[in-house]
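Laboratory data are not the source of any read-out in this text; all were calculated from the coordinates shown. Quick caveat, the model's predicted, so the values are computed rather than measured. As a convention, Cβ positions derive from the backbone with ideal geometry for all residues, glycine included, and neighbour counts pool all protein chains shown.
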C-alpha cells in the first residue's frame, strides 16, 4: 500500500534528519508500506502582479534549495528503496488553515512530521508547524532533532549521515 507523508522542511541539510529518523523507524518496524514523501516548506509568493505572474516553482526552488539538499535526499532514497516510492519537493503558498486542509486532502497525506528546531526563516518563508498542528485530518508527529557534531574534514553533507 502506498501512503503519503508530509515533512515540514526549510530545505536545509539539517531538516533532512527528520526524514532520516522517520525512515529509520519505519525500517526498524519492518513496515510493508511504500511512501510518497512530500518535503514541504511554506513560501509567501507576495501579492504584486510581477511576483504572481513570473515566479514559478523552479524559480522559488532555486532561491530556497541548495544543491546539497537534492544530493542528500537522493542518498536517503537510495538507502531505503523498499520504503520510499518517490520524494517530491513542494511549497505551500496558502495563508489560511482551510487552504492547508484542502492541500492535505488533495495530496492524500496521511501523516506529517516536523521538528520545532527546524524553522523556516528568511525572505518569503513561513513556518508550517501551526498549520500542521491545527489540521484535524492529519496525524502529526513531532520529531526531536539534535544538532550534529561538526565534522570539518568531511563536509556538511557527511555531517547529516554521521551516526551519533
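A few comments on the model shown:
- Considering only beta bridges that DSSP places wholly inside segment 2-161, some 10 percent are antiparallel.
- Estimated from the Cβ-Cβ distance and a Förster radius of 45 angstrom, the FRET efficiency linking residue 49 and residue 142 is about 0.70.
- CD proxy at 222 nm, helix term only [per DSSP H run n ≥ 4: -39500 (n - 2.57); per residue of the chain; nearest 500]: -11000 deg cm²/dmol
- Computed E for residue 34/residue 123 - FRET, C-beta separation, R0 30 angstrom, nearest 0.05: 0.25
- Taking every alpha-carbon pair under 8 Å whose residues sit at least 6 apart, segment 2-161 reaches a relative contact order of 35 percent.
- log₁₀ of I(q)/I(0) at q = 0.17, 0.19 Å⁻¹ - segment 2-161, Debye sum with one point per alpha carbon: -1.06, -1.30
- Once you divide the Cα radius of gyration of segment 17-59 by 2.2 N^0.38 Å, the number left is 1.90.
- From least to most packed, judged by other beta carbons within 10 angstrom and beginning with the fewest, 108, 47 follow the order 47, 108.
- Residue 3-residue 111 pseudo-label distance in nm [points 7 Å out on the Cα-to-Cβ vector]: 0.4
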